[in-house]
Amino acid sequence: MVAKHIEKLGGATLDRIESIGRIVLFFISGVTRIFAGPFQFDKIFEQTWFVGAKSLFVIVLTGLFTGMVLGLQGYYTLVTFGSEAALGSAVALTIIRELGPVLSAIMITARAGSAMAAEIGVMRISEQIDALKTMQIDPIRFLFSPRIVAALISFPLLTAIFDAVGIFGGYLTGSLMLGINQAVYMDKVISSVRLVDIGGGFLKSFVFAIVVTTICCYRGYYTHLAAEGHGAKGVSMATTNSVVQSCIYILIVDYIITYFLV
């Protein structure tokens, strides 16, 4: 009985190590193929439009209400200490350092990342990926490389938009609704935000772009190896797992980067 449990534990451990090795090789293959000619400018443009431009509405909406909530909560917290004038600093630094990159990445994962996993997963179960190999087209270069370039372009830009809209949302709540002087709010924003804060937020967005794109594309590409099921069920599970795992790793990586930046 003990030997059987040890065998199961060993099998699970080997499967996990194999999965880690496979995803690392998948990422390395995709990155190295970015620089292999001819360059896929049309595919990169298409994916940038899909990941970036089509995620703009949800980013703006999320950023606006995040800033408004921060402004509301921050005001009633700071007013008890007589420091409501510092609301601009609190909103700006919270959004730029943490909430901007993290929430942007999570929202992009929910909208674009899930679509990546589902699209590539359907291509796998319908044997389109095998057809690409038959035609001597590298499927990783064709499917993954343009997406990672598009993500590296889109994530920082969407994070910057989220930050700007979020600070504006805090301004709407703090200045227009609760009466904080508008000049004081903006002066605190400008004086408190440093270049290192902005750089840290962009660094996180770059890393999140790599994490999200790699996990989502990997899950779709290897849908046929999933133990949860095959066919349509396999695609649905791959899509779900890609979103869940991406969100978990976003939070883990966020903590690691913050630890080294603080």
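The values are calculated or read from the model by the stated rules, or taken from the named source; none is laboratory data. Everything numeric here is computed off the predicted structure, so don't read it as measured data. Glycine gets a Cβ as well: all are built from the backbone with ideal geometry, and neighbour counts include every protein chain shown.
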(request) Mind counting the residues in region 208-262 that are closer than 15 Å to GLY113 by Cα and among the aliphatic types (A, V, I, L, M)? (result) 12
(request) Enumerate the pairs (first residue in region 181-203 and at pLDDT 90 or above; second residue anywhere and surrounded by fewer than 15 Cβ atoms within 10 Å (Cβ to Cβ) and not in a loop (DSSP other than H, G, I, E, B)) with beta-carbon separation below 7 Å, excluding pairs fewer than 6 apart on the same chain, so at least 6 apart or on different chains. (result) GLY200/LEU261
(request) Check VAL196, VAL207, VAL189, VAL211 and return the single one that is of a type in the set (A, V, I, L, M, F, W, C), under 26 Å from the mean Cα position of the chain (by Cα) and exposed (fewer than 15 other Cβ atoms within 10 Å of the Cβ). (result) VAL196
(message) I'd like the residue in region 1-51 that is surrounded by 10 or more Cβ atoms within 10 Å (Cβ to Cβ), part of a loop (DSSP other than H, G, I, E, B) and of a type outside the set (A, V, I, L, M) and, out of all such residues, is modelled with the lowest pLDDT.
(response) PHE39
(request) Quick one: LEU78 ticks every box in (1) under 30 Å from ASN181 (Cα atoms); (2) under 22 Å from the mean Cα position of the chain (by Cα) except a single one, so which number is it? (result) (2)
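Can you tell me which of ILE125, ILE137, ILE108, ILE120 is farther than 20 Å from VAL184 by Cα, out of contact with any Asp or Glu (no Cβ under 7 Å at 6 or more places or on another chain), at pLDDT below 85 and of a type outside the set (D, E, K, R)? Please lay out each step first, then the result.
On the way: ILE125 fails: at pLDDT below 85; ILE108 fails: at pLDDT below 85; ILE120 fails: at pLDDT below 85.
Of the residues listed, the single one that is farther than 20 Å from VAL184 by Cα, out of contact with any Asp or Glu (no Cβ under 7 Å at 6 or more places or on another chain), at pLDDT below 85 and of a type outside the set (D, E, K, R) is ILE137.
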(request) Give VAL122, VAL149 a once-over and let me know the one that is in contact (Cβ under 8 Å) with a residue 12 or more places away in the chain and surrounded by 19 or more Cβ atoms within 10 Å (Cβ to Cβ). (result) VAL149
(request) Enumerate the helices (runs of 4 or more DSSP H) found wholly within region 163-262, keeping only those where 3 or more residues are closer than 18 Å to VAL24 by Cβ. (result) 195-221, 231-261
